[in-house]
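What follows is a short report on a single structure.
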Amino acid sequence: MKRVLFFILLPLLLQGVSLQQATKESYIATKISLPKGTFRPLYATCLPWGKTHDFAKKFAIVEYGGIRDLEELKQKLPTNIVAYEWAVGFYDDENSSFLQWVRAHPSTLLNTKPVRMNDYYYDMCNAKLLQKRIAYLVDKAKELKIKGYFFDWANELFLEEPEFATIKQEFYRRHKTSYARCLAKLYQGLRQKGLMVITNQAYRNPFLLDLVDYDMCESYMTAIQDTNKMATIDGITTFIPTTIFQPLNEVFNYFSLFQEYKKRYSFKEMIYMNYAAPEFIVQNGKIRAKSPKDIIYYNYVLGKLGGFYSFTEVPFNHALEIDDIYFYNLGPALSPMQKFDSYYIRFFQKGFVILAPALHQDRYLKLSINKKLYDLKNSLLLYPKENGVTIKLESLYKPFENRYIPTAKVFLYADTTLH
């Protein structure tokens, strides 16, 4: 007798949907050409030398490099661009009219000798510096016709690192306030001028979340780590990178924290930025890199489970991160994330997402949904049978890495709109 497990949360919203273990015999799928998704997703990073504008134009916001990168491009940019800015400092090889003024006024810096890799740090509590920097960034935004800025190192925690002890000492010798309070004036000043402000980990000083449009966390789902093995990949000799999966209990803890912050502060959303190594294959005796589609889906699904937006970069070759999954609209959530055995699932108006741990064999699940489904990952149309539809969760073994990785799938109801 098959074991049937019913969800007990929000049964009315789920309209009595149940799940049960199934067999291959109930799985009916046909390979198709999926209709194109036309949804406009929130955010992407997009190195101008690594992607076409066509991909970038599809997002509401794209971080397209720093001011100098944008100035050097000899082509018309999309209108949805934000520029990268280091919130607290700059490198010695950087130059601009603003930095020329900074160098001529060394009291605006917290160090006169470079730290680490020839980097210098602003005294953001210097009123003249703050005024000059806001004016410069506003002028550049008008010149480049960009929407605003993404600020890296957007909090004051760098002062707590041991190598910055002298910088911290100098700052508190000059000021009785916190560095983050002065960063807040920068963000607030730019927003008052009509510019968008996106930050990286402003949540470390939570009050900053009232002064920015979006905040970001990096590598909180997946990250990249170089192995100790080298290989020639696509003609480049390099250490072989691998993808690290963060423990799910840590991921879920941050979901709870960021949901709490969304209730308490006025920022619009926490953007999850993740990183993935390519998938590697051997062809004709040579190692090739291909899109890590399985990991792109993993991060996308995990974001949907938690109620956040998630994007995956592939720094090895940014062209490999291009994927259509971002352009399909699941609609509003109809339930919170729920667990069935070891699977996590969440239902939306137009479909659902499901995440499985590393499976050593394919699994089949039957849902009490009498509808056709699009399997977006595999370009399949699934058919119902006997008042339910069976989905397949593939075992994902990566021979190059000799490991199984989690399986993440996205299903859309075939009778719904995709925009």
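Laid out as a table, the results:
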| item | result |
| --- | --- |
| Qualifying residue in segment 372-390 (condition: assigned by TED's automatic domain parsing to the domain that holds Phe258, polar (S, T, N, Q) and part of a loop (DSSP other than H, G, I, E, B)) | no |
| Qualifying residues in segment 368-388 (those that are among the charged types (D, E, K, R) and touching a helix residue (DSSP H, G or I) at 6+ places or on another chain (Cβ under 7 Å)) - the one modelled with the highest pLDDT | Lys377 |
| Among the residues listed as Lys263, Lys286, the single one being out of contact with any Phe, Trp or Tyr (no Cβ under 7 Å at 6 or more places or on another chain), among the basic types (Lys, Arg) and free of Cβ contacts under 8 Å to residues at least 24 places away in the same chain | Lys263 |
| Test: residue in segment 242-250 that is closer than 20 Å to Tyr203 by Cα and outside any loop (DSSP other than H, G, I, E, B) | yes |
| Residues located in segment 24-49, provided they are in a loop (DSSP other than H, G, I, E, B) and among the polar types (S, T, N, Q) | Ser33, Thr38 |
| Residue in segment 281-329 that is surrounded by the most Cβ atoms within 10 Å (Cβ to Cβ), counting only those that are acidic (Asp, Glu) and not in a loop (DSSP other than H, G, I, E, B) | Glu321 |
| Close pairs (6 angstrom Cβ cut-off, 6 or more residues apart or separate chains): within 26 Å of Thr242 (Cα to Cα) and in contact (Cβ under 8 Å) with a residue 40 or more places away in the chain in segment 201-222, in a strand (DSSP E or B) and of a type in the set (A, V, I, L, M) anywhere | Met216/Ile271; Met216/Met273; Glu218/Met273 |
| Single unsatisfied condition, Tyr254 versus (1) within 24 Å of Arg191 (Cβ to Cβ); (2) touching a Cys at 6+ places or on another chain (Cβ under 8 Å) | (1) |
| Any hit, segment 335-343, residues being in contact (Cβ under 8 Å) with a residue 60 or more places away in the chain, touching a Ser or Thr at 6+ places or on another chain (Cβ under 9 Å) and over 15 Å from Gly306 (Cα atoms) | no |
| Segment 311-367 - residue that is among the small types (Gly, Ala, Ser) and modelled with pLDDT under 95 and, of those, farthest from Lys24 (Cα to Cα) | Ala319 |
| Subset of segment 142-179 that is hydrophobic (A, V, I, L, M, F, W, C) and more than 24 Å from the chain's Cα centre (by Cα) - its residue that is farthest from Pro206 (Cα to Cα) | Leu144 |
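The values are calculated or read from the model by the stated rules, or taken from the named source; none is laboratory data. In this text the structure is predicted, and so the values were computed from the model without any measurement. A quick note on method: Cβ atoms are made from the backbone with ideal geometry, for glycine too, and the neighbour counts reach across all protein chains shown.
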